[in-house]
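To start, the structure under review is shown below, and the notes come after it.
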Amino acid sequence: MDLYKIKDPSFLKELSIDQLKDLSMDVRKFLIENLSSTGGHLGANLGVVELTLALHKVYESPKDRFLFDVGHQSYIHKILTGRAEKFDTLRTYQGLCGFPKRNESEHDVWETGHSSTSLSAAMGMAIARDLNEETHSILPIIGDGALTGGMALEALNHIGDEKKNITVILNDNEMSIAKNVGALHGALGRMRSAGKYNRAKDDLEWLLKRIPAVGGKLAQAAERLKDSMKYFVVPGMFFEELGFTYYGPVDGHDYNDLLENLNYAKKTEGPVIIHMITQKGKGYQPAESDQKDKWHGVGPYKIESGEKIKSADAPPAWSEVISETLREEARKDKRIVAVTPAMVLGSKLEKFQAEFPDRLFDVGIAEQHATTLSAGLATQGMKPFLAIYSTFLQRGYDQVIHDVARQNLNVMFGIDRAGLVGADGETHQGVFDVAFLRSVPNIVLMMPKDENEGQHMVHTAVHYNDGPIALRYPRGNGTGASMEETLKPIPIGSWEVLEEGNDAVILTFGTTISLALSTAERLRKEGTSLRVVNARFIKPMDESMLHTIMKEKLPIITVEEAVLKGGFGSSVLEFKEEHNYTSWIKRLGVPDRFIEHGSVDKLWEEIGLTEENLINQVKAMTITKQRRA
Ligand SMILES: Cc1ncc(C[n+]2csc(CCOP(=O)(O)OP(=O)(O)O)c2C)c(N)n1
Ligand SMILES: CC(=O)[C@@H](O)[C@H](O)COP(=O)(O)O
Ligand SMILES: [Mg+2]
C-alpha cells in the first residue's frame, strides 16, 4: 500500500486481518527505510505496529483520544494520520517532530517527551468528558518502563478509585531503554507467565451469567471462585486490586488477539487495563537481536547490515569521560556510588556497572526517588553521584531543594545533556537547570570548558565535602582536548582568563567558550581586543574577578547556552546591582520561548549564538563606549 496516500485512519475499518498484516509489513519497511537516513526511535515503533493499527481500526481518532506516553513510539500513528510524506524531515529543523505535537495534527491530543504523564492527562480528560456529558473513549498507551514512573502510579491510584472509563494500553516489551528493572517489572513478568488465566476467568463468568434459572446465585459463586483463583493463580493481581479490569496478556503482534480484546474492552464499564506483550525492534533483525537496547534510539545506519553510520575518530562522548573518571575515583573511594533513573546507557555507566555491580543503582524512571535516594545515601556518609539528564532533573526539583540542599548533603549531580540537545527538541532541551539551580542555597554549580577540565571537575566534586555539587555537561562528543594524567581539584568559585583584552569582556562557560574564542580571534584582526573569561563556576561566581572587571568599566557580554531569564547573565546583573557598579552588560542565551527540534548548529543560529551576532553586540557596545568617552 502507498502510505503517502493515507489522509486519515478511517480506511482501516474495511481492512481484513490479512490486509492488516500486509499493511504492517509496508509500515515496517517504511520505518526502516526512512529512519536509516534520519535516525529516530526505531525499536519502540517497530514493536507497536500491530498495536497502533488495531487501535485505529477499533476506535475513532480524534474523537477517541490516544495519548502516547513518552511519545517516542507515535510514528505509526503519525503515518496513519496523514504525515507519511513528512518523514524525510523527521526531527530536523522545522520538520516533523519525533513526539506527538498538537499543532501538527488534531490526532495528537496530548504532547509528550517526558515519560509517565499519559495516565494523569487521561484522567483529566475523562473528568472533563463526563462533566460535559460526552461519550468518547480515552486511551493512554504506556510502556512497561514508563509505568515505573511515580506519576503513572499516582494516576492509577486516582483512576482506580474514581472508576472512570479509561482504557489503559500497557505495552509490555520488558524494556525501558535498557532492560526494564524493578519490582513492578517483576510483577508484570508474573502476569505474563500466568498465561491465559484471565481469559478463562472471564469466559467462565460470561457463561455463568447466561444461565437464566440459577442466574444470581451461580454468578455469586462464580465471583467467589474467580476471586480465589485470582489469589491462587496470580499473586497480588495488582491492577484488579486497584479497581481496573485486567485483560491479558494479549499478543501485541496478533491481530485476532488484539482486535478481540480491544472490542471487549470497548464494551467494559470502568477503568480497563489491557496488558499487551510486544517485542521491541520487531521485524528488523539487527534491532531484534540487539540485547542492549533493541535500537531504542538510533542515528543513520545501513539497512542491509544494520551498521551504524558514525563520523570516524570523534572524541569520546562527554558522558563517557565523566563516568569513566567517576569509575577511576570509585576505585580509590568505596563511598562513591552511582545512581541513574533508567539511563545507564545514555549516561554511559555500563562499565561502572560491570566493575561495581553493587554500587550502581538503576532505579527505573524515577527521578524524584533517585534524588531523595541520593540524599539518604549521603546522610550515611556515602558519596552518591546522581547521573541525570538536565531535562529529567526538572522532575526532581523539589527533592533537590527539600531533601538535598536544605540538609546540605554531599550529593554529586552529573547533569548530562546540558544545553540544547537537538533532535529531541523542546521537551528535552537542557536549558533550565542553570536558572532553577542557581537560586537554591548551598549548591555549587559548574560546567567545564573541555573534557580535561571535566575530569578535574569530577575529582573536585568527589573531594568536596561541604554540600551538594553539580557538574553539567552537554550531549555528544567532547572537544578532543588532551587529557592530563593527574587529576587535581579546581578551587571552588574560581574563573580563568582564557584570552586577555581591554575593549570588552565576554563571560561564558561550557559549550559557548569556543564561540567566544573564535569571535575574539576575528575581532582581534580588526583591532578590537576581547577578554574571554571561562566562568566555569556558575555558582559561586568568582567575585574577586568580577569586582576587577566591573571596576575597569569594560562592557560585559555574558553568553550561555541556557535560558536568559534567571540565568548566569542575570546573576552578573544582580552582582552589579548589589555592588552599585555601572557596567554595561548585554546577555546572550536562550530566549523566553521553547526551542523546537533541529541540529544544535541550526538552533544556535536561531537564537543568535553566532560569531556574527556576538561581533555586532561587541561593536555596538565598544563604539557607543568610545562615543560616551
Ligand atoms: C521523565 C523521563 N525520564 C526518562 C526518560 C528517558 N526515556 C525515554 S523512553 C524511556 C524508556 C521507556 O520505556 P517504555 O515506556 O517501556 O517504552 P519502550 O521504549 O519500551 O516502548 C526512557 C527511560 C523520559 N523520556 N522521561
Ligand atoms: C525518548 C527519550 O527520552 C530518550 O530516548 C531520549 O531520546 C534519549 O536521548 P539521548 O539520545 O540524548 O540519550
Ligand atoms: Mg518497554
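Above 18 angstrom, tally the Cα pairs of region 496-628 and express them as a % of all pairs, no decimals.
Tail fraction, whole percent: 51.
Please work out the C-alpha center-to-center distance from region 422-472 to region 55-73 and express it in whole Å.
So the separation of the two Cα centres works out to 38 Å.
May I ask for the distance between the Cα centers of region 261-328 and region 341-419, given as a whole number of Å?
About 23 Å separates the Cα centre of region 261-328 from the one of region 341-419.
Once the Cα atoms of helix 49-58 and of the chain are each reduced to a long axis, what angle between those two axes, in degrees from 0 to 90 to the nearest 10, is obtained?
Helix 49-58 sits at roughly 60 degrees to that axis.
How big is the Kirkwood radius of region 233-336, worked out from every pair of different alpha carbons and given in Å to one decimal?
Answer for region 233-336: a Kirkwood hydrodynamic radius of 18.6 Å.
Using a cut-off of 10 Å between beta-carbons, work out the net charge of the residues near A330 (Lys and Arg +1, Asp and Glu -1, A330 not included).
+3
Set the Förster radius R0 to 45 Å, insert the Cβ-Cβ distance between N502 and D398 as r into 1/(1 + (r/R0)^6), and round the FRET efficiency to 0.05. Before the final figure, lay out the partial values.
On the way: r = 46 Å, r/R0 = 1.01.
Rounded to the nearest 0.05, the efficiency is 0.50.
Could you work out the Kirkwood radius for region 315-441, taking every pair of different alpha carbons, averaging 1/r and inverting it, reported in Å?
On the way: mean 1/r = 0.0682 Å⁻¹.
Radius from the Kirkwood sum: 14.7 Å.
Please work out how much accessible surface M123 shows to a 1.4 Å probe, ignoring ligands, DNA and RNA, in Å² rounded to 10.
About 10 Å², rounded to the nearest 10.
What dipole magnitude, in Debye to the nearest 20, does region 318-472 give about its Cα centre under +1 on Lys/Arg Cβ and -1 on Asp/Glu Cβ?
360
Please state the relative contact order of the chain as a whole percent: Cα pairs under 8 Å, 6+ residues apart?
It comes to 12 percent, rounded to a whole number.
Quick one: order H41, H158 from most to least accessible surface, probe 1.4 Å.
Largest to smallest exposure gives the sequence H158, H41.
Taking K and R as +1 and D and E as -1, what net charge do the other residues with C-beta under 14 Å from the C-beta of Y581 add up to?
Summing Lys and Arg as +1 and Asp and Glu as -1 gives -2.
I need the per residue convex hull volume for the chain, using only the alpha carbons, in cubic angstrom as a whole number.
That works out to 180 Å³ per residue.
List the residues of region 586-603 whose backbone N lies under 16 Å from a point placed 7 Å from the Cα of E612 along the Cα-to-Cβ direction.
601-603
With contacts defined as alpha carbon pairs under 8 Å and 6 or more residues apart, what's the relative contact order of region 318-472 in percent? It would help to have the intermediate numbers written out before the result.
Values: 285 pairs, mean separation 36.7, N = 155.
Reported as a whole number, the value is 24 percent.
The values are calculated or read from the model by the stated rules, or taken from the named source; none is laboratory data. Nothing here was measured: the structure is a model prediction, and the numbers come from that model. In this analysis, Cβ positions are derived from the backbone assuming ideal geometry, glycine residues included, and neighbour counts consider all displayed protein chains. Ligands, DNA and RNA are excluded from the accessible area calculation, which covers all protein heavy atoms including side chains. Shrake-Rupley method; radii C 1.70, N 1.55, O 1.52, S 1.80 Å.
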